[in-house]
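What follows is one structure encoded as structure tokens, with my remarks underneath.
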Amino acid sequence: SYADALIIGKDVTPPKPFISPIRVWQWKLPVEISCYIPGNGSDITEVKIMYRYSSDNRTWSEWKELESEVFSGWFNLSFDPEEGDGYYEIKIEARDAAGNHGISNIVTFGVTRFPAIETIVMLSLFTMLILVSALFIRRWD
């Protein structure tokens, strides 16, 4: 009826993306990252997962887009860093249908790859040294 008031409001609440904490140093690759974007009433229209790299944890590269996937709720992704060992920061930027923009917490972690090839070579050389030493010792007896 005409007596009822009509309330019109604009959604001004930005999405609040969140990244689960990651262990400070990672050995196993790819790194599993869990993200969450709660539904805030407006549909999520854009999500950018971004990262940057530093070899010394002082000078950082520019933010690079890792993945652009539209989601709300929980999302898991596998991150296999192409820069190699060092420090990484990850963040999420989300935009909803009302034009609101939200940025997540920034998560910092380090990556150290286990030197498998070097370890195998060192063990092989050590084994050969033991065998050669054993042969020389037997010859001298």
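Table for the structure above
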read-out: Accessible surface of the chain, 1.4 Å probe, proportion on carbon and sulfur as whole %; value: 59 percent
read-out: Relative contact order %, region 64-141, counting alpha carbon pairs below 8 Å whose residues are six or more apart; value: 23 percent
read-out: Estimated [θ] at 222 nm from DSSP helical runs (n ≥ 4, -39500 (n - 2.57)) normalised by residues in the chain, nearest 500; value: -6500 deg cm²/dmol
read-out: Ile137 - accessible surface, heavy atoms, 1.4 Å probe, Å² rounded to 10; value: 110 Å²
read-out: Between 0 and 90°, nearest 10: helix 116-140 axis offset from the chain longest Cα axis; value: 10 degrees
read-out: List Ser68, Ser104, ordered by accessible area with a 1.4 Å probe, largest first; value: Ser68, Ser104
read-out: Diffusion constant of the chain at 37 °C, which comes from Stokes-Einstein with the Kirkwood Cα-pair radius and 0.692 mPa s, µm²/s; value: 174 µm²/s
read-out: All lysines inside 19 Å of Lys48 as judged from Cα atoms, apart from same-chain residues fewer than 8 positions distant; value: Lys16, Lys64, Lys91
read-out: Pairwise centroid distance, computed over Cα atoms, of region 105-138 with region 47-86, Å; value: 31 Å
read-out: Per-residue SASA entry for Lys64, accessible area with 1.4 Å probe, Å² rounded to 10; value: 80 Å²
read-out: Whole-number percent relative contact order across the chain, with pairs defined as alpha carbons under 8 Å at least 6 apart; value: 30 percent
read-out: Surface accessible to a 1.4 Å probe, per residue, for the residues of the chain, Å²; value: 70 Å²
read-out: Cα-based convex hull volume of region 42-102 per residue, rounded to whole Å³; value: 88 Å³
read-out: Kirkwood Rh (inverse of mean 1/r, distinct Cα pairs), region 3-52, angstrom; value: 14.7 Å
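The values are calculated or read from the model by the stated rules, or taken from the named source; none is laboratory data. These numbers come from a predicted model, not from an experiment. Ligands, DNA and RNA are stripped out before the accessible areas are found, and what is left, the full protein with its side chains, is counted by its heavy atoms. Shrake-Rupley method; radii C 1.70, N 1.55, O 1.52, S 1.80 Å.
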